[in-house]
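Report on the following structure.
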Amino acid sequence: MLRQALVAVAAIVAAPSCAAPTAAFAPEDLFRIVVAKSPAVSPDGRTIAYVREGADIATDRRVKSLWLVEVATGAQHRAGAKRGQQASPAWSPDGRTLAYVATRPGAQPRLMALDRTSGRARTIVALPKPPSRIAWSPDGTTIAFVSFVPGPAPQLGTAPKKPGSAKWAEPLRVYDRLRWQTDDDGVLPFGTEQVFVVPARGGTPRQVTTGDYPLGKIAFDRDGRSLIADSNRDPDPDHAIGGGDLWRLPLDGSAQKRLLAHKGPDESPVPSPDGSTIAWIGTDLPPGATPRLVTTGDYPLGKIAFDRDGRSLIADSNRDPDPDHAIGGGDLWRLPLDGSAPKRLLAHKGPDESPVPSPDGSTIAWIGTDLPPGGGWSTPRLHATAADGSGHRVLTAGLDAPVSNPVWDADSKALLVLVSERGRTGIARIGLDGSVTRLTDAVGGDSLDRPYAGGPFSAGGGTIAFITADGDHPGDLAVLVGGRPRLLTDLAAPLRATRALATIRPLAVKSSRDGQPIDAWIVLPPGYTPGQRLPTILEIHGGPAASYGPTFATDMQLYAAAGYAVVYPNARNSTSYGEAFANWTRLDIPFADYDDFMSTVDAAIAAGIADPDNLFVTGGSYGGYSTAAIVGKTGRLCAAAAQKPVIDWNSKFLTADLAWGEAMLTYGALPWEKPLEIWNNSPIALAGKVSTPTLLVVGSEDRRTPPSQALEFYSALALRHVPTELVIVPGANHHDLTGRPSQSAARVSAILAWFERYRRK
């Protein structure tokens, strides 16, 4: 009903059209797509700040701008400077000021403050790097944020002295950490993230944290005297699996206190409005604006938030002595703003993150995840503890679904969270008594190229704002007022006025292995005639701890525009169907989910849509792994395209970022301890059986599934004279394989050209 209501409103918002368009979605349309991101509701619930993200055809990059919309009327306007980009909006507690981050070429990133009444913006502080995880103190006088602090690089030996005018090669780079690279950042710079606080009126930032500890989210406690953070302070955080506890970080410099010892990641701590409870999910500067460090040390940081009294921050941080070996994140910490020692609030075996102090200061909530015995996927759950770390309880113990992004209700009696169920993401209210009230299942917009479930939301003054998506809406701003949804934007209306989009339908699937029902969807070209047989692409999502949903995706639209049907399932190992479903992987039966995938294809054939003589497969990450496995097990397909695949788990575990932790969580062992079992679950073991023409696609800077993975399969197939080609996307990492619009369009074009080459006419 909620999604139907949103569609009905969209029909009203969209401009009327005299005739339906007939032109199909085209590659150049990737530059026309605009989506809403990062909603932030003002405390009175009357105004929503959000980010519009579009594409600049001149620079071939996504660009962001800040907008304000009035909930009552829908009137909206751009805020801040017209030059450069704006992101990360965060309202002050009184709703008079909006903080955000502004960037533009040739200038330092700035933390800005926008006056809601006058519309004027001023600089709070300029910084060498963009600040993140912005949090206001309860009294609105202080802003906390996380920023990177450079550290010394390891030295080994001494280079000869260079003459002043000489032009020599770059000096050697020495690395001594297990975690020396990430897919998002590439080779990591030397240093660590620290928490800072700065007067909201502008001034000198002061560092709150020290040490080399990973940090997650931070939140102010109710009194504003400390922060609650999740942080991994294990003596060896690089090796710690599931590290990270909740910590109280006093701003007065007193000792930081661990609130809870919980073996598992803790994140997103949120103190309650009344302060009684904490819940959680398991540079040249302008005059007078010199940064002041709040944190020191080489510790990863997550989210931060002010404690209620404004004197400390709450943050998630990995403060393991060897954080590079720590798997699963950090603990919650309180970071005093006066420079006194941080305090760990709790220790939990497993990741703890996203701490949020309650409005009354009595409670801290966060997201915590238990590490399952023997490895596997575990459901992130909402945890809570009293502000002093006592009374730890799991609020969603009876909910077999992952939750995230906790936000307190004003009365400190319940929290709003995102909850993922059956390929959809919704918003639910979780009471401190464990009660669950679902409010909507229409949240979306997290992904543009493929239809991943997920999206953000914000709440304030009785208004809940969220980003929604469906087959016609890539990402729009919607609100829930009084329990009813209302769409505030229809950013794809100009696109729909000139392009006929593909349609998405559910597809009933039962696995041939055991009859297990599998959720799946099929995308049909515009103007599809029932009974018409179409060449069909099986598209497999990554993860596998992820899920697809029935939403707009540019890859699917381009495939359909070329005349293909696309089927995509949430096969076993997908999330949002319960912990047992997500942990179905059978290491003793390699590639056991093969039957779920091929049953999806058979269901499309049985529905009279798929042409059994023209079947294709593609997917990225775990989907690329599955693509490579499928062509090693069957010759039914005309062609395949494995994108950013895992081909050899043994080599992947020792060359990719964070992959050794994945090995421990999946196999409970490192490659040399179970080499044969790991090999048998790797597609490279099937390379000798492949006859299907297979394209390999990978980003040149991919550190999650490095180019060497694709190269292994490419070389193996080429050696056997199996038709194969290798496509490298220059400058792209794992998550940004579609980051540049032109490359995203060219990548799909290459896949379609490969499929057309082997399509049976």
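Just so it is clear, none of the values below were taken in a lab; they were calculated from the coordinates. It should be emphasised that the depicted structure is a prediction, and the values quoted were computed from it without experimental measurement. Methodologically, a virtual Cβ is constructed for each residue, glycine included, from the backbone with ideal geometry; neighbour enumeration extends over all protein chains shown.
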- Counting only residues 5 or more places away or on other chains, whose amide H sits under 5 Å from the amide H of L215 once H atoms are built in the peptide plane? L301, G302, N318
- Long pairs among K217/K257; K64/K343; K64/K413; K257/K413; K510/K652, criterion Cα-Cα beyond 28 Å: K64/K343; K64/K413; K510/K652
- Message: Taking θ = phi - 60°, what integer Hz values does the Karplus form 6.51 cos²θ - 1.76 cosθ + 1.60 yield along segment 607-624, in sequence order, with x for Gly and Pro?
- Response: 6, x, 9, 6, 7, x, 9, 9, 10, 9, 9, 8, x, x, 6, 4, x, x
- Note on the structure: Scoring segment 583-706 by relative contact order with C-alpha pairs under 8 Å, at least six apart, yields a percentage of 28 percent
- So A607 and D400, fully extended at 0.36 nm per residue minus their Cα-Cα distance, gain in nm 71.3 nm
- Message: Given a Förster distance of 22 Å, report the FRET efficiency between R120 and D60 from their Cβ-Cβ distance, rounded to the nearest 0.05.
- Response: 0.10
- Note on the structure: Per the C-alpha gyration tensor (a ≥ b ≥ c, the square roots of its eigenvalues), segment 699-761 is rounded if a/c is under 1.5, else prolate if a/b beats b/c, else oblate; here it's oblate
- Task: Amide H neighbours of L251 under 5 Å, at least 5 residues apart or on other chains, H built in the peptide plane: list them.
- Result: S226, L227, S312, L313, L337, D338
- List, in order, the whole-Hz ³J(HN,Hα) value for each residue of segment 564-574 obtained from phi through the Karplus relation with A = 6.51, B = -1.76, C = 1.60 and θ = phi - 60°; use x for Gly and Pro. 9, 8, 10, 10, 9, x, 9, 5, 4, 5, 6
- Note on the structure: Neighbour-count ranking for F755, F148 (other C-beta within 10 angstrom, fewest to most) reads F148, F755
- Highest first, please rank the peptides 135-145, 697-707, 214-224, 377-387 by the mean number of other Cβ atoms sitting within 10 Å of their residues. 214-224, 377-387, 135-145, 697-707
- Which whole-Hz ³J(HN,Hα) couplings does segment 19-34 yield from phi under the Karplus relation 6.51 cos²θ - 1.76 cosθ + 1.60, θ = phi - 60°, glycine and proline marked x? 9, 5, x, 10, 5, 7, 4, 10, x, 5, 5, 4, 7, 9, 7, 10
- Efficiency by 1/(1 + (r/R0)^6): what FRET value for D338 and F31, r their Cβ-Cβ distance, R0 = 45 Å, to the nearest 0.05? 0.35
- Item | Label-to-label distance, nm, for residues given as L658 and W672 (7 Å Cα→Cβ offset) | 2.6 nm
- Between A442 and residues 5 or more places away or on another chain, which pairs have amide H atoms under 5 Å apart, with H built 1.01 Å from N, and which residues are they? I427
